[in-house]
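Peer 1: For reference, the structure I am asking about is given below.
The values are calculated or read from the model by the stated rules, or taken from the named source; none is laboratory data. The structure displayed is predicted, hence computed values, not measured ones. Surface accessibility is based on the protein's heavy atoms, side chains included, excluding ligands, DNA and RNA. Shrake-Rupley method; radii C 1.70, N 1.55, O 1.52, S 1.80 Å.
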Amino acid sequence: MLSSSNSINNLVTDGEAVELLWQLRSQRRQSSPELPETVTCLTAPDGSVLYLVGTAHFSDSSKKDVATTIRAVQPDVVVVELCQYRVSMLNMDESTLLREAKDVNLDKVQQAIKQNGLMSGLMQILLLKVSAHITEQLGMAPGGEFREAFKEAGRVPFCKFHLGDRPIPVTFKRAIAALSLWQKARLAWGLCFLSDPISKEDVEKCKQKDLLEQTMSEMIGEFPALHQTIVAERDIYLTHTLRQATRCVEAPPNAQKVPAVVVGVVGMGHVPGIERNWEKQLNINEIMSVAPPSRFGWVLRTVIKGVMMGMLGYACYRAGGTIGRALLSIPSVQSLLETLKPPQWSSLSHQ
């Protein structure tokens, strides 16, 4: 009986502790917080509130905006623009991430190709090189605002942390499938020779909605299909995950349902799309599938894959010699090159 009584007392103590923590968070939560200009407030039908923080991915001030918002509103849920394939950046220190961002090696090339396929994998490597270029220019690792959100969420009682972005392999496969071969070549070439200097002032400009929308318009003109898959479709996916997070939560001690407070941390370029989609009916299944290639398309790609491989391979080589050598060491690439050899090359190699 004594042990049973102690168990009951412990349960009461635990319950009281939970209620005290809930009350403490309620006291810390500001009812009319003064938030940064980068924060957009959206309301769900059940009264739940989303504070959407628009960020620039290489910005110290974005990290401060995230911290300020989470501390002020003491959210039930924090949602960030990451998927499970990029979640490792949350637990790395800044110096390790800085080194990793600059280093594109054989393992990264192979992993990208394994996850996304040859063409979209190579495109991901080129985009990694662009990120490395920015990292080197600014001396700052990407994703600082997400690490700040993760750290601050851990300090808020009962706060849950959710990944809100569509998986990278789906995004890259759909993006590559949407581009023509000429567009793929142009994009690879443009990414390869991207070497313009970037300043912290340039990064901060990305937080200005009007300037960002102008840049987006220019991008749409160049690659409308790419904008659709990388930006517009992810706007839909992010809206879906944010709406799922913005639901009533149970308040202790009687599990009564109360409106939730949610903080979303996304790139500023996604904020207008999330606002447009917030009250629309969304079909997520449409943007999660990758259409199988037609028979004609398969034959056409087989014929010209060698040309594309050469162009992308050269682009990777120009972007960094390590990538070029790593690419040539991959068995599937070596096999493809063997099939493209003229017959006389094979006979000469045996002499």
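Peer 1: How long is the gain from LEU181 to SER32 if the chain were fully straight, where each residue apart is worth 0.36 nm and the alpha carbon distance is subtracted?
Peer 2: Result for the pair: 48.4 nm of gain on full extension.
Peer 1: Name the residues whose placed amide hydrogens come within less than 5 Å of the amide hydrogen of GLY264, ignoring near sequence neighbours (fewer than 5 apart) on the same chain.
Peer 2: TYR51, LEU52, VAL53, VAL79
Peer 1: Further question: Can you sort VAL18, VAL80 by 1.4 Å-probe accessible area, starting with the largest?
Peer 2: Result, largest first: VAL18, VAL80.
Peer 1: Moving on to the next point. Using only protein heavy atoms and a 1.4 Å probe, report how much of PHE150 is accessible, in Å² to the nearest 10.
Peer 2: 80 Å²
Peer 1: Across the range 237-249, in residue order, what do the Karplus-derived ³J(HN,Hα) couplings come to in whole Hz, using 6.51 cos²θ - 1.76 cosθ + 1.60 with θ = phi - 60° and x for Gly and Pro?
Peer 2: Along the range 237-249, the couplings run 5, 5, 4, 4, 5, 5, 5, 5, 6, 8, 10, 4, 10 Hz.
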